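What follows is a short report on a single structure.
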Amino acid sequence: MTGCCVGLFWIYDPARSPALFFSLLLGWAAALALLLWRWRGTSPPVAAALIVAGLLRVLLLPLPLSLSDDAYRYLWDGSVVRAGVNPYAVAPNDESLTTLRDGVWERLPHRDVETVYPPLSLMLFSVAGLFPLPILALKLMLVCADLGCCWLLLRLAAARGLATVGVLAYAWNPLAVLETAGMGHVDALGLPLVVLATMILDSAYRSGGRAVLGLGPTLRAAALVAAAVLVKLVPVLVVPAFARLSGRRVAFVAAVSGIVAAAFVPFLVPLGGVPPGLVTYAVSWEFNGPLFEPLWRAVEVARIADGVSWVLDRVPRMGIDPGPLSGTYSLVYPQALAKGLLGLALIGVLVWSLRAASAIEACMRAFGGWVVVSATVHPWYLLWLLPWAAVLGRVPWLVLSASALCAYLPTLFGVALLPWPFLLVWIPPLTLAVWPRLRSAFG
């Protein structure tokens, strides 16, 4: 496993030898799976687990941003904030930002889209840009946060009486190491905050029952979740379940809402609405969604969009004021309708997470369900569910953390995502998930 990581360090740039780079990643994943199988049920020393986790991350720190250029956008947004400009209101290609353009701007993705990153992330980006080597500084800060997450997960597993070897499925996972130390994704900053909130909520459990948290612990857990939301919006998914588990629903939701609103208000009041970058993301971003990809094609084949358009056209002809429906005409196409259906499915996921018996299980359900119904699933999105899958030993999800690396095949080899990379990502974990049920049904 360490040898594979050293090989990745030696290759340096994935684009330099993509076949070898990809083979080493898969070899690392296979070696980790074998190690976890051999050590199952054990609890390795915490210090040794963290030292190896740190070594793996240090080896991948020098990697260039060949697989994802998000970190360049991070630095740009940080420079915009330092210049006193609202990054939610101005896209990178705006002429008013001409004086800020530099080598980072030349490498920016989506220059016509305003930022989608919350205020706490923008603060981190702004600080990283003050260092002589801003990309390295950003990666180092994220690695520190990620190692903190590993330590907290080890403590959480031990407190629950679980074998801590499962945590290695996150701490030594090639996906986790690559996406934090290698590609510098900001998700790593939010994870330890959610883990800390989970640990506070978990302390309310006594003998299988649920106790009401004191107001102080409730507010601390809410503040941590709010901070995580201010890193990336994804943790908002656990707010309903965490509020229920705290036993103080109103206080929890009010605290999260108040902190998040206070941080966003200075940016959003001038806009007078939702940041346009978020709207663009919701409407236009599509990549590797396991249900989205087949669903929108099914909607297209079934000509459902034509049927919806037919209904909308006849509403005013019947003398009925279309009212709010008048703004939906532009969204009547297969991809948008599929996203609408999956949005309803996400509501079902949140309801399902409300029934979780623990905060750990609530995270697993909320983040796992979100991945399934999302239209966009980049490999680093799995960082949000991987810690919980590791602690709970959910094998299909852990397999997904390895197969998700196939989503980089289009970048590495210039091939189309569909059909083979897409199938290589999703078929292995799906097979493992349904196989026990099929065997019991037909065996």
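Here are the numbers for this structure:
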item	result
Pair list, Cβ < 9 Å and 6+ apart or interchain, from segment 249-274 residues that are of a type in the set (V, I, T) to residues that are outside any loop (DSSP other than H, G, I, E, B) and open to solvent by 70 Å² or more (accessible area, probe 1.4 Å)	V256/V236; V260/V236
Test: L398 is closer than 16 Å to A169 by Cα and in contact (Cβ under 8 Å) with a residue 60 or more places away in the chain	yes
Helices (runs of 4 or more DSSP H) within segment 322-425 that include 2 or more residues open to solvent by 40 Å² or more (accessible area, probe 1.4 Å)	334-354, 359-373, 395-403, 409-413
Residue within segment 86-102 that is exposed (fewer than 14 other Cβ atoms within 10 Å of the Cβ), β-branched (V, I, T) and more than 30 Å from G272 (Cβ to Cβ) present	no
Test: residue in segment 143-154 that is under 13 Å from V80 (Cα atoms) and among the aliphatic types (A, V, I, L, M)	no
Cross-chain or 6+ apart pairs with Cβ under 7 Å, segment 44-56 first and outside any loop (DSSP other than H, G, I, E, B), then open to solvent by 40 Å² or more (accessible area, probe 1.4 Å) and of a type in the set (A, V, I, L, M)	L50/L147; A53/L147; G54/L147
Qualifying residues in segment 166-190 (those that are outside any loop (DSSP other than H, G, I, E, B) and open to solvent by 10 Å² or more (accessible area, probe 1.4 Å)) - the one modelled with the highest pLDDT	L189
Hits in segment 64-93 (condition: closer than 30 Å to L392 by Cβ and not in a helix (DSSP H, G or I))	L67, S68
Extreme residue, farthest from L233 (Cα to Cα), among residues of segment 111-126 that are within 18 Å of the chain's Cα centre (by Cα) and in a loop (DSSP other than H, G, I, E, B)	T115
Pick from segment 19-34, criterion open to solvent by less than 40 Å² (accessible area, probe 1.4 Å) and in contact with a Leu (Cβ under 9 Å, 6 or more places away or on another chain), ranking: nearest to V165 (Cα to Cα)	L32
Within segment 266-305, considering residues that are closer than 29 Å to T411 by Cβ, more than 21 Å from the chain's Cα centre (by Cα) and among the charged types (D, E, K, R), the one surrounded by the fewest Cβ atoms within 10 Å (Cβ to Cβ)	R297
Test set (1) modelled with pLDDT of 95 or more; (2) out of contact with any Leu (no Cβ under 9 Å at 6 or more places or on another chain); (3) not aromatic (F, W, Y) - A53 fails condition number	(2)
Unmet requirement for L152, which otherwise passes all of (1) among the aliphatic types (A, V, I, L, M); (2) at pLDDT 95 or above; (3) not in a helix (DSSP H, G or I)	(3)
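Results for (1) modelled with pLDDT of 95 or more; (2) crowded, with 20+ Cβ neighbours inside 10 Å; (3) more than 30 Å from L412 (Cβ to Cβ), shown as yes or no for each residue.
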site	(1), (2), (3)
L75	yes, yes, no
V80	yes, yes, yes
V104	no, yes, no
R111	no, no, no
F125	yes, yes, no
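Every residue, every condition in (1) in a helix (DSSP H, G or I); (2) touching a strand residue (DSSP E or B) at 6+ places or on another chain (Cβ under 6 Å); (3) within 30 Å of V81 (Cα to Cα); (4) modelled with pLDDT of 95 or more, yes or no:
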position	(1), (2), (3), (4)
F242	yes, no, no, yes
V253	yes, no, yes, yes
V256	yes, no, yes, yes
V260	yes, no, yes, yes
V274	no, no, yes, no
V283	yes, no, yes, no
P290	no, no, no, yes
A298	yes, no, no, no
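The values are calculated or read from the model by the stated rules, or taken from the named source; none is laboratory data. Model, not experiment: these values are computed from the prediction. Quick reminder, even Gly has a Cβ in these numbers, built from the backbone with ideal geometry, and neighbours come from all protein chains shown. For the accessible areas, the whole protein counts, side chains as well, though only heavy atoms, and no ligand, DNA or RNA atoms are used. Shrake-Rupley method; radii C 1.70, N 1.55, O 1.52, S 1.80 Å.
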